[in-house]
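Please treat every number below as a calculation from the coordinates, not as lab data. Please read all numbers here as calculations on a predicted model, not as lab measurements. Note: ideal-geometry Cβ built from the backbone for every residue, glycine included; neighbour counts use all protein chains shown.
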Amino acid sequence: MTTATPQTAVADFWFDPICPWAWMTSRWIGEVEKVRGITVRWHVMSLAVLNEGRDLPEDYRKGLEDAWGPVRVIIAAQERHGEEYVKKLYDAIGTRIHPQGRRGEAGLRPLVVEALEEVGLPADLIDVYDTDEVDEQLRASHAEGIGLVGEDVGTPIVAFNDTAFFGPVITPAPKGEEAGRLWDGAVLVASYPGFYEIKRTRTQGPIFD
């Protein structure tokens, strides 16, 4: 099997910044960019949208109430200041939530305020955090990703050429050629028309390094 991918190849990655498993997968695909010559386009999806109308445990439902804000701000930044800020804000927000573990009683809003400052964006973007101003665009981005894989998955979603898949769910994120080999395998199995799922019980949580 040939492992190299064309230098012009583009992969699309849908994420919700609050999801630790999407964060792990995003760190992996960043390594893949270095060893397989792909370019990644970043898109938001929303666990809050995905779980609308579902019967959820109370603590998880409350957690999703604060999930709208970060993706709204990312969408607004994308529309007003350019595509490059999707990944920049994801990195800045995700680093605070996941490796730094700073999501607490104050919620995510203060972390998003910090992230905006870090990447050099106007502070008034936070004004969309608690409004539905960009929800139509957010739902459209979410629907685009989910439309590739179906409703019974979560975040992240990765699409490459005619292949789209949920995950992979991994910990820790592999680096270098190991990341490339995992990419080769994920694309290979997901590209088979009749392939749907491989799964086993997780025995450890995300390892942030």
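Mind telling me which of the residues ILE157, ILE170 ends up being surrounded by 20 or more Cβ atoms within 10 Å (Cβ to Cβ) and touching a helix residue (DSSP H, G or I) at 6+ places or on another chain (Cβ under 9 Å)?
ILE157
Looking at the stretch 66-79, can you tell me whether even one residue there is farther than 15 Å from ASP135 by Cα and either among the polar types (S, T, N, Q) or assigned to a helix (DSSP H, G or I) (or both)?
So far as the stretch 66-79 goes, no, none of its residues is farther than 15 Å from ASP135 by Cα and either among the polar types (S, T, N, Q) or assigned to a helix (DSSP H, G or I) (or both).
Quick one: GLY94 ticks every box in (1) of a type in the set (Gly, Ala, Ser); (2) crowded, with 20+ Cβ neighbours inside 10 Å; (3) more than 24 Å from ILE146 (Cβ to Cβ) except a single one, so which number is it?
It fails just one condition, (3).
How many of the residues in the stretch 9-54 are outside any strand (DSSP E or B) and closer than 19 Å to GLY180 by Cα? Even if it seems obvious, please write down each step before you answer.
Step one: of the stretch 9-54, the residues outside any strand (DSSP E or B) are 9, 16-38, 45-54.
Okay, now just the ones that are also closer than 19 Å to GLY180 by Cα, so 9, 21-38.
Residues flagged as outside any strand (DSSP E or B) and closer than 19 Å to GLY180 by Cα within the stretch 9-54 amount to 19.
If you check ASP132, ASP66, which single one turns out to be among the charged types (D, E, K, R), over 30 Å from ALA190 (Cα atoms) and touching a Gly at 6+ places or on another chain (Cβ under 6 Å)?
On the way: ASP132 fails: touching a Gly at 6+ places or on another chain (Cβ under 6 Å).
Matching residue, one of ASP132, ASP66: ASP66.
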